[in-house]
Amino acid sequence: MKVYFVGAGPGAADLITLRGARLLGSVDMVLYAGSLVPVEMLTHCRADAEIIDTAKLDLEQQQACYVRAQEMDIDVVRLHSGDPAIYGATAEQMRRLDALGIAYEVVPGVSSFTAAAAAISAELTKPEVSQSVILTRVSGRASAVPELESIARLAEHRATMCIFLSGPHLKKIVGDLSLHYPQDTPVRLVYRASWPEQKIYQGTLGTVLEDTKRGEWNLTTMMLVGAALDKDVAVESSLYSKDFTHLFRVVKKNKAEAAS
């Protein structure tokens, strides 16, 4: 038997990968995080598959499901929201599968940070503005953030930043970001990107707290911040310039241009 850690994507049932959907439709057992993965995603599953919501299960109870599947010699899909590589709590499951001698494979998914960028039609990187994207979150009871990775420290780079689970912590986040980002830095909030209830706020670091009410933005909110989000910043890459030669396109210059 084998366990497949499948990234469900940000929420919309058609944003799962073809491989992920195929696996959902082939296995006998599916474990999914019902608090984060919409039930519509389960339309990809077989009608006779055993479907288990892990929202109320601890790690040992989930392990018991894997052991039972091993005894039955059936494959399992463990469906995670977004991409399993980011805040997926997959490493501890893999350690237990290693100890049990159960093979597993990871199938990547669309992350909520890219879905949020798509929702606001934004490119997160622009030449000479920001060529780095920082993915981070606020410390929570379940997972603490190391002090060296605090938002206040990361803000020193003034790169594009995507802050997961930011909704309830906007006041603190804005305070930490304001230590280094100018007040006119673009800020976007995207709640449940790609879900039917998706909502978007567009403003700046200086206006976001004035424009939003306490408790209005829930936990599953992505905060995007950085100068690259400004559509008026129009620095263009040389990659598609008609004068730029690269491995796949050679620009022929006339004799006058070559001489100069």
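Anything in the range 197-217 that is loosely packed, with under 14 Cβ neighbours inside 10 Å and in contact with a helix residue (DSSP H, G or I) (Cβ under 9 Å, 6 or more places away or on another chain)? List them, or say none.
ILE200, ARG214, GLY215
Exactly one of (1) under 24 Å from PHE164 (Cβ atoms); (2) touching a strand residue (DSSP E or B) at 6+ places or on another chain (Cβ under 8 Å) is unmet by ASP14. Its number?
With respect to (1) under 24 Å from PHE164 (Cβ atoms); (2) touching a strand residue (DSSP E or B) at 6+ places or on another chain (Cβ under 8 Å), ASP14 is out only on (2).
Among what's in the range 13-45 and is at pLDDT 95 or above and part of a loop (DSSP other than H, G, I, E, B), pick the residue that is farthest from the chain's Cα centre (by Cα).
Per the criteria, the residue is ASP28.
For residues that are open to solvent by 70 Å² or more (accessible area, probe 1.4 Å), more than 20 Å from GLY9 (Cβ to Cβ) and among the charged types (D, E, K, R), tally how many sit in the range 28-49.
Looking only at that region, the number is 1.
I need a count of the residues in the range 3-19 that are crowded, with 24+ Cβ neighbours inside 10 Å and free of Cβ contacts under 8 Å to residues at least 60 places away in the same chain.
Qualifying residue count, the range 3-19: 0.
Taking ARG22, is it farther than 21 Å from PHE113 by Cα and without any contact (Cβ under 8 Å) to a residue 12 or more places away in the chain?
So ARG22 fits the description; yes.
Look at VAL67 and say whether it is over 24 Å from SER139 (Cβ atoms) and in a loop (DSSP other than H, G, I, E, B).
No, not satisfied.
Could you check the range 101-130 and list, in sequence order, the residues that are at pLDDT below 95 and more than 27 Å from GLN198 (Cβ to Cβ)?
Passing the criteria: PRO127, GLU128.
For the structure I just gave you, tell me whether LEU79 is open to solvent by less than 20 Å² (accessible area, probe 1.4 Å) and either aliphatic (A, V, I, L, M) or assigned to a loop (DSSP other than H, G, I, E, B) (or both).
Yes, satisfied.
Being at pLDDT 95 or above and either not in a helix (DSSP H, G or I) or not aromatic (Phe, Trp, Tyr) (or both) is the requirement here; does GLY215 meet it?
no
What single numbered condition from (1) in contact with a Cys (Cβ under 6 Å, 6 or more places away or on another chain); (2) over 28 Å from ALA12 (Cα atoms) fails to hold for LEU135?
(2)
Say we look at the range 57-73 and pick out the residues that are touching a helix residue (DSSP H, G or I) at 6+ places or on another chain (Cβ under 9 Å) and touching a residue at least 60 places away in the same chain (Cβ under 8 Å); which of these is nearest to PHE113 (Cα to Cα)?
Only one residue fits best here, namely TYR66.
Need the failing condition index for SER166 against (1) modelled with pLDDT under 95; (2) within 22 Å of the chain's Cα centre (by Cα); (3) over 22 Å from SER112 (Cβ atoms), just the number.
The failed condition is (3).
Give me the residue from the range 129-188 that is among the acidic types (Asp, Glu) and part of a helix (DSSP H, G or I) and, out of that set, most open to solvent (accessible area, probe 1.4 Å).
In this case the residue turns out to be GLU147.
Can you name the residue in the range 86-128 that is in a loop (DSSP other than H, G, I, E, B), closer than 20 Å to ARG188 by Cα and among the hydrophobic types (A, V, I, L, M, F, W, C) and, of all such residues, is most open to solvent (accessible area, probe 1.4 Å)?
VAL110
Do you know which of the residues in the range 98-124 that are closer than 22 Å to GLY34 by Cα and among the hydrophobic types (A, V, I, L, M, F, W, C) is nearest to the chain's Cα centre (by Cα)?
So, considering only residues that are closer than 22 Å to GLY34 by Cα and among the hydrophobic types (A, V, I, L, M, F, W, C), the one nearest to the chain's Cα centre (by Cα) is PHE113.
The values are calculated or read from the model by the stated rules, or taken from the named source; none is laboratory data. In this text the structure is predicted, and so the values were computed from the model without any measurement. No Cβ is skipped: glycine too gets one built from the backbone with ideal geometry, and neighbour counts run over all protein chains shown. The area values use the complete protein model at the heavy-atom level, side chains included, leaving out ligands, DNA and RNA. Shrake-Rupley method; radii C 1.70, N 1.55, O 1.52, S 1.80 Å.
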